[in-house]
Structure formats: structure tokens, C-alpha cells
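Each remark here refers to the structure printed beneath this line.
The values are calculated or read from the model by the stated rules, or taken from the named source; none is laboratory data. Since the model is a prediction, treat every value here as computed from it, not as a measurement. Every residue, glycine as well, gets a Cβ built from its backbone with ideal geometry; the counts of neighbours run over all protein chains shown. These area figures cover heavy atoms from the full protein model, side chains too; ligands, DNA and RNA do not enter into them. Shrake-Rupley method; radii C 1.70, N 1.55, O 1.52, S 1.80 Å.
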Amino acid sequence: MKARDWLGVLPFVGMLGGVPFVNKVEPYVLGMPFVLFWIVLWVVLTSAIMALVNRLDSAAREEEHQG
């Protein structure tokens with residue numbers, strides 16, 4: 001498994017694996033309870049990570065150049 005493949009696992013671990021450790025109401029971040037902020041943060045980070053994985057994927061890059 002390549003490093004870019006492990007990047008795809010990172011959102012799963014962060015979102016689901018981290019929730020038991022951050023399951024707190026306080027502190028409030030941006031007006032949201034901390035656990036809700038954690039989930040929203042990982043949704044945003046997942047988009048960035050998937051964009052990076054797509055950028056690193058040579059097969060997807062070749063397909064963009066051909067099509």
C-alpha cells in the first residue's frame with residue numbers, strides 16, 4: 001500500500017476514531033460544541049485530502065491529459 005493510499009484512510013481514522021476522545025460539549029468552537037466542530041473539521045479536511053490523493057494519483061492525471 002502506497003503512502004497516497006494511506007492518506008485515504010486518514011479521514012476515516014480522524015472522523016470515527018477521534019470522536020470517542022473528543023466527545024465533549026465544551027469548549028465551544030465557532031459557536032458549535034466541540035464534537036460537532038470536530039466532525040465539521042474532518043469533513044473539510046477530507047475534501048482537501050481527497051484532492052491531494054487525486055493530485056498524487058498518476059492514473060487520474062493521465063486520464064485528465066487524454067480526455
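Odds and ends about this structure:
- Whole-Hz Karplus values for region 14-27 come out as x, 6, 8, x, x, 4, x, 8, 10, 6, 9, 7, 9, x Hz, taken residue by residue from phi with 6.51 cos²θ - 1.76 cosθ + 1.60 and θ = phi - 60°; glycine and proline positions read x.
- Under the convention that each Lys and Arg Cβ holds +1 and each Asp and Glu Cβ holds -1, the size of the dipole of the chain around its Cα centre is about 200 debye.
- Averaged per residue, the chain has 77 square angstrom of accessible surface, using a 1.4 angstrom probe with ligands and nucleic acids left out.
- Computed over protein heavy atoms with a 1.4 Å probe, the carbon and sulfur contribution to the accessible area of region 15-67 reaches 65%.
- Between the residues Tyr28, Leu56, Ala3, the greatest Cα displacement towards the positive end of the dipole of the chain, with unit charges on the Cβ of Lys, Arg, Asp and Glu, is found for Tyr28.
- Each of [x] 1.03; [y] 1.44; [z] 1.88 is a candidate for Cα Rg over 2.2 N^0.38 Å; the one calculated from this structure is [y].
- Sites matching chymotrypsin sites (Phe, Trp or Tyr not before Pro) across the chain that sit in DSSP coil, with at most 12 neighbouring C-beta atoms within 10 Å: Tyr28
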